[in-house]
Amino acid sequence: MAKRGGFPGGMMPGNMNNLMKQAQRMQRQMEEQQKELEEKTFTATAGGGAVAVTMSGKREVTKVTIDPDACDPEDVETLEDMVMAAVNDTLHQIDEANSSVMGKLAGGLGGLGI
């Protein structure tokens with residue numbers, strides 16, 4: 001006859017407390033890593049350095065530098081394309097850094113039995 005109550009698989013309440021503590025610790029680590037990421041800056045260039053864009057980890061543009069030689073009034077489209085490329089590259093750098101941080105933290109989920 002099956003025993004009523006208790007925890008499935010014979011898990012004791014103390015084990016559940018340990019799992020909760022691990023989850024809380026991982027959440028704190030994730031928050032700390034996210035804050036560190038937000039404080040970093042990322043810079044990308046385009047057009048051989050003619051355009052540079054710097055962004056914070058919060059995805060806020062903090063600086064745009066354009067070489068005066070890149071400002072051809074007859075070819076504004078090229079300058080626009082360089083700015084767009086630099087912004088997109090910077091966003092890609094932020095995404096990669098974020099994925100790297102989250103991947104490291106997710107590696108610790110194995111200890112939670114997940």
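On the stretch given as the stretch 79-102, residues that are of a type in the set (S, T, N, Q) and either modelled with pLDDT of 95 or more or touching a Phe, Trp or Tyr at 6+ places or on another chain (Cβ under 6 Å) (or both) total 3. If I filter the stretch 41-78 down to residues being among the small types (Gly, Ala, Ser) and either surrounded by 13 or more Cβ atoms within 10 Å (Cβ to Cβ) or touching a strand residue (DSSP E or B) at 6+ places or on another chain (Cβ under 8 Å) (or both), which single residue comes out as modelled with the lowest pLDDT? If we take residues in the stretch 41-78 being among the small types (Gly, Ala, Ser) and either surrounded by 13 or more Cβ atoms within 10 Å (Cβ to Cβ) or touching a strand residue (DSSP E or B) at 6+ places or on another chain (Cβ under 8 Å) (or both), then 70 is modelled with the lowest pLDDT. Looking across 29, 33, one residue alone is assigned to a helix (DSSP H, G or I) and touching a Gly at 6+ places or on another chain (Cβ under 9 Å). It is 29.
The values are calculated or read from the model by the stated rules, or taken from the named source; none is laboratory data. Keep in mind that this is a model prediction, so the values were computed, not measured. Counting neighbours? That spans all protein chains shown, and the Cβs are built from the backbone with ideal geometry, glycine included.
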